[in-house]
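Peer 1: Just passing along the structure, written as structure tokens.
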Amino acid sequence: MKANRLLKVRAVRVAAIFGALLLLGGAGLYAWLCAGLPAPDDLSAYTSAPSSKIYDRYGQLLFEMPPPYTGSHTPVTFDAIPPYLIQATIATEDATFYRNPGIDLRGILRAVWINLQGGEAGGSTITQQLVRTVMFSADERVERTLYRKLRELILAFRITRRYSKDEILTLYLNETYYGNMAYGVEAAAQAYFGKSVRDLDLAECALLAGLPQSPARYNPLEALDAAKARQAVVLDLMVKQGYISTRDAELAQAEPLDFAAAPFSIRAPHFVMFVRSQLERELGLARLQAGGLNVYTTLDLDLTDTARDAIRHHLGLLAVCHYDPVCPPGGRNVRNAALVALDPQTGEVLALVGSPDYFSARIAGAVNGATALRQPGSSIKPLTYAAAFERTALGQADFTPATMLLDVRTAFVTREGTPYVPLNYDLVFRGPVRVREALASSYNLVAVKVLDTIGIEALTDMARRLGITTFDNPDRIGLAIGLGGGEVRLLELTAAYAAFANGGYAVQPRVIRRVEDTDGTVLWEPPGGRGDRVLDARVAYLITDILSDDLARVPTFGEGSVLNLSRPAAVKTGTTTDFRDNWTVGYTPQLVVGVWVGNADNETMKEVSGITGAAPIWHDVMEAALKGQPVQTFARPAGLVDVEVCALSGELPGPDCPHRIVETFIAGTEPDTVCQMHQRIDGVVYTILPPEAQAWARERNLPQPTTYNPQSTAYLRITSPDAGAVYRIDPTQPREMQRIDIKIASDSRYKQIELFVDGLPLAILVAPPYTYLWRLEPGSHTFSAVGRTLEGLEIVSDGVTIDVREE
């Protein structure tokens with residue numbers, strides 16, 4: 001018994017000693033963690049960091065970035081902050097803010113679990129974020145250790161005991177970084193919307209509340225789609241927390257946002273903001289906020305100012321209809337333009353203008369038109385033809401600058417099964433044209449024919465190789481992408497053209513040459529902008545040769561147009577069908593310049609095309625930039641041959657070909673067949689067009705022989721209606737009057753053609769034009785034709801199915 005009591009006493013003593021040691025250890029750990037922690041009473045005491053400076057390529061100061069909490073930093077009271085912004089912030093950053101003691105143990109454990117599973121999740125409350133923002137040094141702020149996290153938790157708990165929740169939230173909203181050098185919600189409201197925070201509505205509040213997670217990624221002035229997606233997330237969280245209704249969220253998401261910025265001293269503002277975003281991505285926000293950086297960029301400030309002035313001048317001329325005496329009522333309705341100029345050999349951006357006036361709220365001037373997503377119109381066509389020439393060089397296609405294609409009405413069936421009939425800009429079809437003329441004069445239908453033949457993936461693959469990053473959604477891409485139906489960034493499209501100028505090398509736009517600290521130590525030096533070869537030099541040369549051929553573009557642009565420079569230059573325009581965007585992108589061996597003209601709010605212009613809107617700006621900037629520089633011609637690579645061909649068919653000239661030209665080919669792709677389009681019949685030379693062009697020829701009263709070539713392939717096709725077309729019967733009109741033309745294209749070898757509908761005989765046609773007027777009947781109907789040749793053969797056409805519906 002005595003021994004047992006002794007053991008118990010010893011056990012109690014050991015436990016006491018262990019407990020004392022544990023308490024001492026815990027106290028020591030706590031003391032270690034708390035060593036050097038700032039006092040919660042001193043939240044407003046910040047150490048000023050040195051400013052950072054951004055220079056152009058010649059050392060001219062563009063902007064002096066203020067250190068954190070100076071310059072663009074205007075604290076406001078809690079009452080001045082809209083409830084929507086408070087609610088959006090809480091819903092997004094810390095849903096339990098008003099209930100937690102500054103830390104959220106459940107959130108921390110959830111974040112730990114997600115991170116252990118390989119995901120990424122934050123477990124920081126608003127109070128913890130405030131601690132990290134204002135009480136830690138720049139180095140400690142980015143430190144990812146348990147020690148730093150525990151110190152953060154202790155401070156967050158202390159702050160919660162010292163300050164009210166409203167005071168903490170006010171401090172957070174006044175000190176958080178929202179991008180574009182805006183610290184706090186008042187500065188952010190001025191930086192993005194040009195107004196006080198108290199005047200923000202729900203949509204604007206939701207957009208701002210989504211920025212702190214990644215200000216560079218969600219910057220609405222450079223990545224509006226990403227910012228709008230983030231805004232939608234915030235609105236959804238507000239709905240889940242019961243702050244707003246689903247209808248409120250839908251209306252806010254649909255609301256157009258008008259971006260502006262409060263004026264401050266800055267040169268080349270869009271470029272500076274783009275540089276700052278890149279610095280934030282590459283160096284991290286904490287290092288950027290620490291200051292003391294000297295950033296040497298690629299920009300030529302004088303050229304940028306020249307470009308800005310040219311934009312303002314030509315927009316002013318458009319406003320008063322200087323280019324056209326026939327002015328639409330109210331003028332041309334065009335307010336905005338953007339320009340990028342870069343060195344095609346290095347990728348260095350020499351000029352970047354995002355709008356004519358960064359600080360104009362009227363034109364949403366703070367939006368960077370050089371990085372915004374817009375439809376390129378016909379300016380994307382050179383990539384389609386480059387892909388076609390490349391496949392020809394590989395033996396996978398048959399397209400050369402001399403290839404003859406028919407520019408006649410053609411219906412293409414989309415993936416949805418509906419017909420797509422491209423039209424040229426002037427609504428005129430030109431019959432047989434060579435690829436050289438089709439690209440230089442920007443014929444739409446021919447471009448779609450080429451794309452339909454080589455496949456959409458051929459174009460998107462070419463675009464990706466040349467640096468365009470926006471053609472990766474297959475669900476949104478169809479044949480219309482060949483006419484600019486997708487979206488691109490001016491900066492990326494200009495860099496893509498640089499590959500044509502430099503002989504086929506990819507170019508990554510480069511805006512920063514190096515970043516130094518105050519001691520001159522180089523902290524970061526981006527790699528050169530010129531990358532690997534992504535395009536055959538011969539293909540690049542053919543595209544350049546066509547785009548610099550003034551004669552080939554005469555049918556559309558006339559002689560001596562504004563596209564001509566005082567030196568050799570290749571250039572392409574683009575205009576969207578609804579006049580929302582127009583473009584001109586062109587180059588010499590030394591310089592490539594891209595121009596976009598339109599409205600930042602996507603409002604349509606009034607009949608402003610690439611040749612009247614963007615081209616004059618391009619012309620003037622190119623001439624100014626190259627003034628005094630030696631004239632350079634485009635270097636012709638080895639592996640090309642020049643061959644005389646028929647000017648119409650593109651084949652080797654026959655004895656009766658009236659016009660001949662010399663065309664350039666990739667060796668091995670030159671024609672080896674003699675032209676059959678020009679034939680002498682009964683002493684008369686005819687231009688014999690293919691069967692699918694006969695209707696076009698009849699419309700223009702072009703004589704065609706009545707005999708046929710027995711060696712040619714029999715041709716029989718229903719050209720109208722278009723496959724997949726949908727017709728509706730109008731109940732208010734007599735049924736007998738509701739008819740459509742069934743048209744058949746063929747050569748002249750047929751004695752008769754029998755037309756069928758749903759397998760049943762409909763009509764027998766014995767002479768061209770082979771047409772029949774069919775009365776609309778409800779239902780799905782398939783038309784086909786059977787032709788009987790002079791030799792007694794039967795030729796069956798493909799079927800064409802349409803749908804007729806009753807209203």
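The values are calculated or read from the model by the stated rules, or taken from the named source; none is laboratory data. Computed from a predicted structure; not experimentally measured. Glycine also receives a Cβ, built like all others from the backbone with ideal geometry; neighbour counts cover every protein chain displayed. Side chains are part of the model used for accessible areas, which takes the heavy atoms of the whole protein and leaves out ligands, DNA and RNA. Shrake-Rupley method; radii C 1.70, N 1.55, O 1.52, S 1.80 Å.
Peer 1: Of the residues 172, 192, which is among the hydroxyl-bearing types (Ser, Thr, Tyr), closer than 26 Å to residue 63 by Cβ, part of a helix (DSSP H, G or I) and touching a residue at least 24 places away in the same chain (Cβ under 8 Å)?
Peer 2: Values: 172 fails: closer than 26 Å to residue 63 by Cβ.
Being among the hydroxyl-bearing types (Ser, Thr, Tyr), closer than 26 Å to residue 63 by Cβ, part of a helix (DSSP H, G or I) and touching a residue at least 24 places away in the same chain (Cβ under 8 Å) holds for just one of 172, 192, which is 192.
Peer 1: Which of (1) touching a strand residue (DSSP E or B) at 6+ places or on another chain (Cβ under 8 Å); (2) surrounded by 24 or more Cβ atoms within 10 Å (Cβ to Cβ) is the odd one out, the single condition residue 505 does not satisfy?
Peer 2: Residue 505 satisfies every listed condition except (2).
Peer 1: Let me ask something else about it. Taking the options 581, 549, 620, name whichever one is among the acidic types (Asp, Glu) and buried (at least 24 other Cβ atoms within 10 Å of the Cβ).
Peer 2: Checking each option against the conditions leaves just 581.
Peer 1: Right, here's the next one. Quick one: which helices (runs of 4 or more DSSP H) sit completely within segment 54-162 and have at least 2 residues that are touching a helix residue (DSSP H, G or I) at 6+ places or on another chain (Cβ under 9 Å) and at pLDDT below 75? Walk me through it before giving the result.
Peer 2: Working: elements: 83-93, 105-116, 126-134, 138-142, 146-162.
It comes to 138-142, 146-162.
Peer 1: Still on this structure, please answer the following. Tell me the residue from 722, 803, 798 that is assigned to a strand (DSSP E or B) and among the acidic types (Asp, Glu), please. Steps first, answer last, please.
Peer 2: Numbers: 722 fails: assigned to a strand (DSSP E or B); 798 fails: assigned to a strand (DSSP E or B).
None of the other options fit; the residue is 803.
Peer 1: Consider residue 342 carefully, then state whether it is among the aliphatic types (A, V, I, L, M), under 30 Å from residue 437 (Cβ atoms) and crowded, with 24+ Cβ neighbours inside 10 Å.
Peer 2: Details: among the aliphatic types (A, V, I, L, M): yes; under 30 Å from residue 437 (Cβ atoms): yes; crowded, with 24+ Cβ neighbours inside 10 Å: yes.
So residue 342 fits the description; yes.
Peer 1: Now, a different point. Determine which single condition residue 648 fails, assuming it passes every other condition in (1) within 25 Å of residue 299 (Cα to Cα); (2) buried (at least 18 other Cβ atoms within 10 Å of the Cβ); (3) in contact with a Ser or Thr (Cβ under 9 Å, 6 or more places away or on another chain).
Peer 2: With respect to (1) within 25 Å of residue 299 (Cα to Cα); (2) buried (at least 18 other Cβ atoms within 10 Å of the Cβ); (3) in contact with a Ser or Thr (Cβ under 9 Å, 6 or more places away or on another chain), residue 648 is out only on (1).
Peer 1: Only one residue in 431, 395, 377 is open to solvent by 10 Å² or more (accessible area, probe 1.4 Å) and of a type in the set (Gly, Ala, Ser). Which one?
Peer 2: Working: 431 fails: open to solvent by 10 Å² or more (accessible area, probe 1.4 Å); 377 fails: open to solvent by 10 Å² or more (accessible area, probe 1.4 Å).
Exactly one residue qualifies, and that residue is 395.
Peer 1: Can you name every residue in segment 398-416 that is open to solvent by less than 50 Å² (accessible area, probe 1.4 Å) and among the hydrophobic types (A, V, I, L, M, F, W, C)? If you could, list the steps in order and put the result at the bottom.
Peer 2: Within segment 398-416, the first condition is being open to solvent by less than 50 Å² (accessible area, probe 1.4 Å), and the residues that meet it are 399-408, 410-412, 414.
Passing the criteria: 399, 402, 404, 405, 406, 408, 411, 412.
Peer 1: For residues that are in contact (Cβ under 8 Å) with a residue 40 or more places away in the chain and assigned to a loop (DSSP other than H, G, I, E, B), scanning just segment 611-627, find the one that is farthest from residue 319 (Cα to Cα).
Peer 2: Here is the first cut: in segment 611-627, the ones in contact (Cβ under 8 Å) with a residue 40 or more places away in the chain are 611-626.
Then keep just the ones that are assigned to a loop (DSSP other than H, G, I, E, B); that gives 611-614.
Numbers: 611: 16, 612: 12, 613: 11, 614: 14 Å.
If we take residues in segment 611-627 being in contact (Cβ under 8 Å) with a residue 40 or more places away in the chain and assigned to a loop (DSSP other than H, G, I, E, B), then 611 is farthest from residue 319 (Cα to Cα).
Peer 1: Taking the options 644, 663, name whichever one is in a strand (DSSP E or B) and within 30 Å of residue 590 (Cα to Cα). Explain how you work it out, then say what you get.
Peer 2: On the way: 644 fails: within 30 Å of residue 590 (Cα to Cα).
None of the other options fit; the residue is 663.
Peer 1: Cβ-Cβ below 6 Å, separation at least six or inter-chain, first residue in segment 333-361 and more than 27 Å from residue 605 (Cβ to Cβ) and assigned to a strand (DSSP E or B), second open to solvent by 10 Å² or more (accessible area, probe 1.4 Å) and modelled with pLDDT of 95 or more: which pairs?
Peer 2: As it stands, the answer is 348/510; 350/300; 350/303, since those pairs meet every condition given.
Peer 1: Of everything in segment 665-686 that's within 44 Å of the chain's Cα centre (by Cα) and among the hydroxyl-bearing types (Ser, Thr, Tyr), which residue is surrounded by the most Cβ atoms within 10 Å (Cβ to Cβ)?
Peer 2: Among those residues, the one meeting the criterion is 669.
Peer 1: Here are 608, 595: which of them is in contact with a strand residue (DSSP E or B) (Cβ under 7 Å, 6 or more places away or on another chain), open to solvent by less than 10 Å² (accessible area, probe 1.4 Å), among the β-branched types (Val, Ile, Thr) and not in a loop (DSSP other than H, G, I, E, B)?
Peer 2: Working: 608 fails: not in a loop (DSSP other than H, G, I, E, B).
Among 608, 595, only 595 is in contact with a strand residue (DSSP E or B) (Cβ under 7 Å, 6 or more places away or on another chain), open to solvent by less than 10 Å² (accessible area, probe 1.4 Å), among the β-branched types (Val, Ile, Thr) and not in a loop (DSSP other than H, G, I, E, B).
Peer 1: Quick one: which helices (runs of 4 or more DSSP H) lie wholly within segment 217-330 and hold at least 1 residues that are open to solvent by 80 Å² or more (accessible area, probe 1.4 Å) and modelled with pLDDT of 95 or more? Explain how you work it out, then say what you get.
Peer 2: Working: elements: 224-240, 246-254, 269-283, 285-290, 301-319.
The helices (runs of 4 or more DSSP H) meeting that bar are 224-240, 246-254, 301-319.
Peer 1: So which of 792, 787 ends up being part of a loop (DSSP other than H, G, I, E, B) and either touching a Leu at 6+ places or on another chain (Cβ under 6 Å) or of a type outside the set (Asp, Glu) (or both)? Give the steps one after another, and end with the answer.
Peer 2: Values: 787 fails: part of a loop (DSSP other than H, G, I, E, B).
Sole residue among the options that is part of a loop (DSSP other than H, G, I, E, B) and either touching a Leu at 6+ places or on another chain (Cβ under 6 Å) or of a type outside the set (Asp, Glu) (or both): 792.
Peer 1: Please find, among 656, 672, the residue that is touching a Lys or Arg at 6+ places or on another chain (Cβ under 7 Å) and either at pLDDT 85 or above or not in a loop (DSSP other than H, G, I, E, B) (or both).
Peer 2: 656
Peer 1: Would you mind stating whether residue 526 is of a type outside the set (A, V, I, L, M), touching a helix residue (DSSP H, G or I) at 6+ places or on another chain (Cβ under 9 Å) and open to solvent by less than 20 Å² (accessible area, probe 1.4 Å)?
Peer 2: Values: of a type outside the set (A, V, I, L, M): yes; touching a helix residue (DSSP H, G or I) at 6+ places or on another chain (Cβ under 9 Å): yes; open to solvent by less than 20 Å² (accessible area, probe 1.4 Å): yes.
Yes: the conditions hold for residue 526.
Peer 1: Could you check residue 536 against (1) among the charged types (D, E, K, R); (2) open to solvent by 40 Å² or more (accessible area, probe 1.4 Å); (3) touching a Phe, Trp or Tyr at 6+ places or on another chain (Cβ under 7 Å) and say which number it fails?
Peer 2: (3)
Peer 1: Take residue 494 and decide whether it is touching a residue at least 24 places away in the same chain (Cβ under 8 Å) and either assigned to a loop (DSSP other than H, G, I, E, B) or over 14 Å from residue 386 (Cα atoms) (or both).
Peer 2: On the way: touching a residue at least 24 places away in the same chain (Cβ under 8 Å): yes; either assigned to a loop (DSSP other than H, G, I, E, B) or over 14 Å from residue 386 (Cα atoms) (or both): yes.
Here the answer is yes, as residue 494 does meet what is asked.
Peer 1: Collect the residues in segment 783-795 that are modelled with pLDDT of 90 or more and either within 29 Å of residue 733 (Cα to Cα) or open to solvent by 70 Å² or more (accessible area, probe 1.4 Å) (or both), keeping them in residue-number order.
Peer 2: Residues satisfying the conditions are 783, 784.
Peer 1: Provide a single number: the residues in segment 734-782 that are open to solvent by less than 50 Å² (accessible area, probe 1.4 Å), touching a residue at least 40 places away in the same chain (Cβ under 8 Å) and outside any loop (DSSP other than H, G, I, E, B).
Peer 2: Looking only at that region, the number is 5.
Peer 1: Another question, then. Can you tell me which condition residue 630 does not meet? The list is (1) in a loop (DSSP other than H, G, I, E, B); (2) touching a residue at least 12 places away in the same chain (Cβ under 8 Å), and all the others hold.
Peer 2: The one condition residue 630 does not meet is (2).
Peer 1: All but one of (1) of a type outside the set (Phe, Trp, Tyr); (2) assigned to a helix (DSSP H, G or I); (3) surrounded by 21 or more Cβ atoms within 10 Å (Cβ to Cβ) hold for residue 486; which doesn't?
Peer 2: (2)
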